[in-house]
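Have a look at the structure below, then the notes.
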Amino acid sequence: MAWLILALLIVVPLVELAILIKVGGAIGLVPTILMLVGMAGLGTVLLRAQGRAALRSAEAALARGAMPIQSAADGAGLFLAGALMLAPGLLTDIVGLVLLVPPVRRAIMGFVFRWLSRRLRVDAIRPGPAGRGRTIEGTFERVEDPTEKPRGHSPWRR
């Protein structure tokens, strides 16, 4: 797994650089830079709008007393899309923009969650009615330890 991550950290920037060189050679430097800035701006606007929608969906699920699993998956997909769009390059921008399309994002995140569920074990404990509203009465007494050194004392001071 570490080799895969290392390969991605080396291969993806090299592919991005090759694509930028080809596109820049075909359409010019200024249009290439404008395209990168435009895609980042479009992604930012879409990410903000869909992030708010995912947050509202999670709040509605919590208000119904349901677990916001779909909203969490949407949030994870949106986080990944945002991270990809922050990386400079056309390939990562395109993949990030594709992740901003809700059906595509849900399909990809569904695949990721199925893949993770085969490899991870997660136990969830839901609090029952016994844990609510229970108060335990009691008293306490502070006891000073006579052998304890006072606070602020340093063994290096005389």
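The values are calculated or read from the model by the stated rules, or taken from the named source; none is laboratory data. Since we're looking at a predicted model, the values are computed, not measured. Because the Cβ atoms are built from the backbone with ideal geometry, glycine has one as well, and the counts that use them run over all protein chains shown. Ligands, DNA and RNA are excluded from the accessible area calculation, which covers all protein heavy atoms including side chains. Shrake-Rupley method; radii C 1.70, N 1.55, O 1.52, S 1.80 Å.
G24 fulfils the conditions (1) more than 17 Å from G96 (Cα to Cα); (2) surrounded by 12 or more Cβ atoms within 10 Å (Cβ to Cβ); (3) under 18 Å from the mean Cα position of the chain (by Cα) except for a single criterion, (3). If I filter the stretch 37-66 down to residues being touching a residue at least 24 places away in the same chain (Cβ under 8 Å) and open to solvent by 60 Å² or more (accessible area, probe 1.4 Å), which single residue comes out as nearest to R114 (Cα to Cα)? This residue is L46. With respect to the conditions (1) of a type outside the set (D, E, K, R); (2) in contact (Cβ under 8 Å) with a residue 40 or more places away in the chain; (3) open to solvent by 30 Å² or more (accessible area, probe 1.4 Å), M85 falls short on a single one, namely (3).
Residue pairs whose Cβ atoms lie under 9 Å apart, sitting 6 or more positions apart in sequence or on different chains, and linking a residue in the stretch 1-15 that is closer than 16 Å to L91 by Cα to a partner that is in a helix (DSSP H, G or I), are V12/L91; V12/T92; V15/L91.
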